[in-house]
Structures are given as C-alpha cells and as structure tokens.
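Note sheet for the following structure.
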2 protein chains.
Amino acid sequence: MNSADLGRRVGVPSTALFTDQYELTMVQAALKAGTAGRRSVFEAFTRRLPEGRRYGVVAGIGRVLDAVENYHFDDAMLAFLRDHNVVDGPTLDYLADYRFSGDIWGYPEGEVYFPGSPILRVEGSFAECVLLETVVLSILNHDSAIAAAASRMSVAAGGRRLIEMGARRTHELSAVASARAAYIGGFDTTSDLAAGFRYNIPTVGTSAHAFTLLHDTERDAFRAQVESLGRDTTLLVDTYDVTAAVRTAVEVAGTELGAVRIDSGDLLLVAHRVRQQLDELGATGTKIVVTSDLDEYAIASLAAAPVDAYGVGTQLVTGSGQPTCSMVYKLVARAASADPADPLRPVAKKSLGAKTSLGGRKWAARRTDEDGVAEAEVIGTGPVPPDLAGRQLLVELVRAGEVVAREPLDAARERHIASRAGLPMSAMQLSRGEPVIPTEYV
Amino acid sequence: MNSADLGRRVGVPSTALFTDQYELTMVQAALKAGTAGRRSVFEAFTRRLPEGRRYGVVAGIGRVLDAVENYHFDDAMLAFLRDHNVVDGPTLDYLADYRFSGDIWGYPEGEVYFPGSPILRVEGSFAECVLLETVVLSILNHDSAIAAAASRMSVAAGGRRLIEMGARRTHELSAVASARAAYIGGFDTTSDLAAGFRYNIPTVGTSAHAFTLLHDTERDAFRAQVESLGRDTTLLVDTYDVTAAVRTAVEVAGTELGAVRIDSGDLLLVAHRVRQQLDELGATGTKIVVTSDLDEYAIASLAAAPVDAYGVGTQLVTGSGQPTCSMVYKLVARAASADPADPLRPVAKKSLGAKTSLGGRKWAARRTDEDGVAEAEVIGTGPVPPDLAGRQLLVELVRAGEVVAREPLDAARERHIASRAGLPMSAMQLSRGEPVIPTEYV
C-alpha cells in the first residue's frame, strides 16, 4: 500500500517483475564474480528530445517512488523464477531479501528538461540499482511523453479548460497514468474514474451518442438526461441535426443549460453557428465543449472560435506523435568495491554510432539571464560553480531506501506551469524547432 | 482471480473504474427514465485501418474476457462514487449489484480484420453493455495496435527469431500486454518477466553495457557472465571495440559461445564482419542477435545479413507509428423494452462528417476464391447466405455472463499465422497500401 501522490490509498502490487530478464541474470553473474556490491551510480537521461520538440516535461516521479517502495519479490514470483530457471539459488536468496537501500535524487515532477539532463540519479550497489532500470524507464518514458503533449496542448488552449478523455485509446492502466501526466502538463479534468479514485484528479462526463439512440427521440434523451443530471449537464448535440438539437436542448433544459458538446464536423464553423444560435435563444451562459480527434494544432486553430472547453483523447494518450521518450538508464560511475572510501570512477560506453554518453556523477543547474529567463541547462561532474549553487535542479527523493519527497499532484502541476513560464518565449511555439535552451557541460 | 489465458493464476483487480464517467451518468439517467433495461446490441469496429496498413490483427480478446469477469464495484469504489457525487443513490445500488449477464460474440484472438469488421458484439440491457465500453476499447485498441506491428515485423523477419524487449519504452503494464500481443502477432520470446509470469510467454535475456562497465575489463565481464550463465549465454560485444570484443568473447567462452549481441552502429555491415570473424575463430555455431531501434523496415533490410535474431523494443510497443487503433463501440440496435419478444431496431448516428456507421446487429464472413484465398470481408444484418454460413467469423465468447471461450495463447498465435496466410500475397508487402480485401455489405 502507498499513498499514490497523497490521493486515495490504493493497493499497488509488487513492481518487481516489470523487469527485463537480463537485469536479474546480470545480478546473478555479478554476485558470483563478487562485483554485485560495487558502489554504483546510474542516471536516467535522454540524448535528444523528440524531433522538433523544444522542451521535455518530467512526469512519473511520484510513480517511480511508488515503484521503488513496492519493488520486492513475493513467494509466487520467486517460485516462477526458480521453476523457469531464470536465476540460480544464491540469486533467489538475494532477491527474496531485496529492498532498495540506496539514494535517489532527481528532477522534481513537472520540471522541464533538455537533452542530457540527469533526470534521475540512482546510487547504491550495482545489483540494487540495476534491478530498477526497466520499471524506472517504463514510468518515466511513458509519463513524460504524455505530459509533454499535454503541456503543448495547454499552451495552445490559452487558459480554456482541457478535459482528458483518452482512456479508450490506450491500455487501461496506461490511461490512468496518462490522466495523471496530463494533469501535471496543464489539463484540468479527466473522464477516467480510476484517475479520480487513485489520484484525486477531478473527473467529468458528458453523454454519448448511444444515449440519444437508446431513446425514441432526441427530445426524450435530453429530457432523461436533464431530469437526472440537472440543467447544468452537457448535452451532446450532433447525433442527428445540430441546429435542431440545440433548439431542443434549450427547450428542454432552459437557458440555464450547462453546455453542449460537438463531436464531429467542422468544429470552427459549427462552434460559431451554435454559439450564435444559443445566444439568440437566450442561452448566453451555455458553454460549448468540442471533441473529435483534437491535438495541439487543432486546439490552436480554434483559438478564435467560441469554444469553452476542449476534450482530448487519442492524441493526448499517444503523446501527439511521440508516444515515448528516449530516456536511458546508464551506469555513469562505480567504485572498485562496496567501501564508501573507494573512489567513484566515471564509466561510459565508447563504441559505434551516436550511443555514447558522458561518464561521471552529475549535477545540473539552469542558468538564467538578468531578466530571470532560462538561457542554458548546465551539467557538470565537478564542483558546482558558486553562481549556480542556488539554481540546482536535482532534489533528494529517496534517502537510504526511504522515500523523502512525497508531494501532492497539484504541486507538480504548479511547478510545471512555473518552470515553463521561465523558458524563453519561443518555447511556446508549436512549430518544430530545436531545444529552446542549449545544454552546456562544464 | 482468473486464469489469465491459462497461464499462471494472477490477481486481477476490479476493472470497473477503468471507465469514463459518462458511462455511469448515462446509466443513472436511463435508470430514472426507465430505459436502462432496454435490450441493446453494441458493436466494436473500426471505420478504417491505420493509414497504409493492409490488414488489422485482433488482439486482447482474452484480456477483454478477464475484464468482463472482473467488472464489479467494491466498497471503496462505491464510496468514491458516492463521496464525489458521481452518481445518485439508485445508481449506486445498481452498480453494487453489477455483474455482466449478457452475451458476447466476437472475432477470435489472432484473426485478421478489416474496416467495418464487427470485432466484438455485446448484447444485454443498455446499462450493462454501456458500462463496458471504455475498458473494452482500451484493451482492443491497445493490444490490436501492438499485434498489428508485431505481425508486420514477423513477416519481415521471415522465420528468424523475434524477441520483444520494449518494456522500458511504455507503461509497465502496457508492456505486459504488449508482450502478449506481440506473441500473438508472431514474436517468439519476451524480455519482460511479468509477461512470462502472467501469460507463460517464454522469457529471455542477454546483458547490458552496464555489466561490462561494472567490471575492470571487458574480459572480466565476459568471464563473469560465462562462469555464471554458461557458454550458451549471449555476450554484448559493442561496449568498446567490436572486433576486440568478439575475439575476447570466443577466447573466454570458446567456440560453443551461444550468441553475441550488437546494439549500435551499421548493423548490416557489423553483422557481416562479426559473422566472418566468428567463423574464422571457429565459432560457426555462435549466433548473432541485433538490437537498436529496429522496426519492420530495418528488419527487412537485414534479410541478407547473417543475423539470427532480432530484438525489438520501441517500435513494437508503440505500434510502429500506430500506437492505437480507432475502434469504437457503438449502439447498433435496441428494443423498446427488456422483453425478448420486443424486436431489435437498428440505430445509427446520422450527423456531420465521416462519423456515420451502419445500424443493425451484424454477422461477418470471409469469402474466399477457388484457391481458398480471401477475397472479401462480407458483413450483413440479414440472414447469412448459405455459401457463407461455414465461413462466419464471430464466435461465442460469453453466454449469459459466463465466459465460454478461454484458450491458450498459443492457439491465438497459431490462428493469426493461419489467418494471415489465407490473405492475398500483397498483404505481406510492408509498403503502404489499401486494405488487402474489400469490405462488402450485403
């Protein structure tokens, strides 16, 4: 059990098998070779942002903390590993006792990031750190991809309400994590009840075409909905003829009707017509919600339309063309033993192609200009320069195996909005571009 | 608890909150209006295949059956719905007693599908059927997207082994479902231990760069791995210099070395060089595994390279550019009451744009030519023509609330391979194209 970002307490099953097999076999080989206990530093980072994106958004940190807390092997899991000869007896003994006992620092949730940003830094023995690789990357790669799309949509919406409604377009639990990431990225509500239950994200709902089709007439359907849900409800007006439906809606609900939803057609044109009709009918306070394959570009194109809220599904939960990030989790330094007195030595792969990375245990800071606008992501392995000491990005998340940095989801959401606002204006452009600030290594 | 496709029994939590809020509020309004019990038929289908794809692959049916069995509201869920005023008291009472009691027919798992194919047909009261919409679509849209990508990769691999290793690139539970869908689509193994645990999919593992970097020399690392995991292991040879690593690998493991893995560089070129070197060293039986951002096109381009197995990650779990399908779940017919004697009336939305659909409860059959090759997906609402009666695609999955069609995952995998083999040859082309057979409505 854990606190699920201070929302409702929910049972989280063990996360230990959300792991690639090689993490366990590497532990086995290292245990036998006597190297499993070597003090090690792993870092999660990306070599690049998704093509054309100007900034990344860190999301999933709270879920990573849940995953680390719940990373333990129960009897059924150990029996599976034994029965399938995945690892040997000594390794099963090690896994049976496994609890992460190291330290984790990272970018706080909602913070923006850039190529090379050391988003998570995990320190402990080689064995205890390497086991976490797969599940840490699953969470960060998924959640950050969704949050990045959400952030762009939230920029495009310019303060209008955003409703996450993509549950049906992605795996049922990916959907819950997507609603959480979308909220961090600037969305206001979700249609996903599990996201409300687990994370206290406000949930909302309208009505589907099936409800209208269930009834003998559209008027019957609207009356049934208003009688049960009140005049403040949102009526779906595009099952048959939009103009007739809007007229019927106001006749049934009166001018206090909460909202109408449009889910098809040329949304720009239809929204203008519906707004005019609603106003002529005296329903000047009735809002217009639009849905139907929206992405950040479609949202931006409706900026001049009389739209009050956007419902976004597919393009949100698929990261608007970028359903994953390319975060990796690399050993960047290790000692020759478990002895804390043994110095950490930087290590890095040096082989073919672009997959090289910078060794060494890193810090990161965001340098700002005299107006307080970000001008570089500065990353180093040596001492932190005095002028950057107060601008460091990594915070302590886990100390000697204990989570020390729980926070409400709203804190991550507010941090994201503040962090994004500290970037140069060109970060807000939807067009493709380079990372909005450079990464400098010192 | 359920049987998870006849694999290991695992606890599946209730699936009832993987649901859009409007499903519940529609039930509330229909209960009050007296229409919730109207006998209804919903169908899941797509209006189009993802752009350029020639066939779709049905995956997730087994998971849908799990979801239907586990769709019930426990006390904590009901308390959440009550405390947040999601629905009223009578609706809470209805939900507290909810168990799906209707019938479900559908395409069996692994079968191919086309635009309009009635992939799932759910019959029962409006209320009991509409509640399932979101979770049914989540599963089918996700799993079918992954299976479709897997199927293309399996065509491209032409019989060489395919390893699913994308867990780190997608949500941790989406990863498990992806491994399952990939297996149905033709993959042989997965790196994801949870997929082995839940679904009995064979798991495999190699080694990561971190393992080499942990040790003082590459030779030390290889020796540690071989001593622990045996000569049959797969050594990763691209941490420093590939040629030197291959030489060291054979020196350490001997010519019985199982395999080497190459994870960077020009795979075509490197694979040829490594094969030649292995052969010169006498390691003629040592296999070559390649990984590194493979998709179906990269796999096809390596057809002439001396590669024995492909490890595929990102592009598999993101559906190779199509991370979701566009399946919808629509009310297609309903009666005026719950009375079985009341006739079902076809219903369909008739509004703006392309979002229209065909009303009526449907059957589907695949017509073949005289050589037994598929020539059309035939869909109808009337009687089934005698010549198609034996070629019907929908099978009974749930009868009066009881699941009647559990099967091992291998059955779905074999069905997919057979079903794909029954399509015209042009289905196997990786280039963009139209659906390989037309959909005909009779």
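The values are calculated or read from the model by the stated rules, or taken from the named source; none is laboratory data. A quick note: this is a predicted structure, and the numbers were derived from the prediction, not measured. As a convention, Cβ positions derive from the backbone with ideal geometry for all residues, glycine included, and neighbour counts pool all protein chains shown.
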Hey, can you tell me all the residues within segment B:81-92 that are free of Cβ contacts under 8 Å to residues at least 12 places away in the same chain and either surrounded by 13 or more Cβ atoms within 10 Å (Cβ to Cβ) or assigned to a loop (DSSP other than H, G, I, E, B) (or both)? B:82, B:84, B:85
With in contact (Cβ under 8 Å) with a residue 12 or more places away in the chain, assigned by TED's automatic domain parsing to the domain that holds residue A:417 and either over 26 Å from residue A:73 (Cα atoms) or within 14 Å of the chain's Cα centre (by Cα) (or both) as the only criterion, which of A:135, A:176, A:112, A:155 stands out? A:112
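Okay, residues lined up against (1) more than 10 Å from every other protein chain (Cβ to nearest Cβ); (2) surrounded by fewer than 20 Cβ atoms within 10 Å (Cβ to Cβ):
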site	(1), (2)
B:309	yes, no
B:327	no, no
B:366	yes, no
B:381	yes, yes
B:397	yes, no
Listed by first then second residue, the pairs whose first member lies in segment A:388-404 and is assigned to a helix (DSSP H, G or I), whose partner is surrounded by 11 or more Cβ atoms within 10 Å (Cβ to Cβ) and of a type in the set (A, V, I, L, M), with beta carbons under 8 Å and at least 6 positions apart or on separate chains, are A:388/A:365; A:388/A:378; A:389/A:365; A:391/A:365
When you go through B:184, B:163 one by one, which is the residue that is within 27 Å of residue A:174 (Cβ to Cβ), at pLDDT 95 or above, assigned by TED's automatic domain parsing to the domain that holds residue B:299 and touching a helix residue (DSSP H, G or I) at 6+ places or on another chain (Cβ under 8 Å)? B:184
Could you identify the single residue in A:189, A:248, A:243 that is more than 21 Å from residue B:31 (Cα to Cα), among the polar types (S, T, N, Q), over 37 Å from the mean Cα position of the chain (by Cα) and within 12 Å of chain B (Cβ to nearest Cβ)? A:243
Here are some residues: B:10, B:87, B:64. Which one is modelled with pLDDT under 95 and not assigned by TED's automatic domain parsing to the domain that holds residue B:176? B:10
Give the residue that is farthest from the other protein chains (Cβ to nearest Cβ), with candidates limited to residues of segment B:19-34 that are hydrophobic (A, V, I, L, M, F, W, C) and surrounded by fewer than 24 Cβ atoms within 10 Å (Cβ to Cβ). B:31
Anything in segment A:264-322 that is more than 22 Å from residue A:233 (Cβ to Cβ) and acidic (Asp, Glu)? List them, or say none. A:266, A:293, A:295, A:296
Quick check on segment A:351-359. Is at least one of its residues at pLDDT 95 or above and within 13 Å of chain B (Cβ to nearest Cβ)? no
If you go through segment A:47-80 one residue at a time, how many are among the aliphatic types (A, V, I, L, M) and assigned to a loop (DSSP other than H, G, I, E, B)? 3
Pick out the one residue from B:413, B:399, B:367, B:361 that is closer than 30 Å to residue B:155 by Cβ, over 21 Å from the mean Cα position of the chain (by Cα) and among the basic types (Lys, Arg). B:367
Being modelled with pLDDT of 95 or more, acidic (Asp, Glu) and in a helix (DSSP H, G or I), is that true of even one residue in segment B:23-42? yes
Say whether the condition of being without any contact (Cβ under 8 Å) to a residue 60 or more places away in the chain and either at positive phi or part of a loop (DSSP other than H, G, I, E, B) (or both) is met by at least one residue in segment B:218-229. no
Taking segment A:232-279 and keeping only residues that are closer than 28 Å to residue A:300 by Cβ and of a type in the set (D, E, K, R), one is left with A:238, A:261, A:263, A:266, A:273, A:275, A:279
Please tell me if residue B:317 is out of contact with any strand residue (DSSP E or B) (no Cβ under 7 Å at 6 or more places or on another chain) and either touching a residue at least 24 places away in the same chain (Cβ under 8 Å) or surrounded by 18 or more Cβ atoms within 10 Å (Cβ to Cβ) (or both). yes
I'm checking my understanding of the structure. Among residues of segment B:255-299 that are in contact with a helix residue (DSSP H, G or I) (Cβ under 8 Å, 6 or more places away or on another chain), of a type in the set (Ser, Thr, Tyr) and at pLDDT 95 or above, which one is nearest to residue B:314 (Cα to Cα)? B:297
Within segment B:128-186, how many residues turn out to be closer than 20 Å to residue A:140 by Cβ and either surrounded by fewer than 24 Cβ atoms within 10 Å (Cβ to Cβ) or aliphatic (A, V, I, L, M) (or both)? 7
Spot the failing condition for residue A:54; the list is (1) buried (at least 21 other Cβ atoms within 10 Å of the Cβ); (2) facing another protein chain (nearest Cβ under 10 Å); (3) more than 21 Å from residue B:192 (Cα to Cα), and only one is missed. (2)
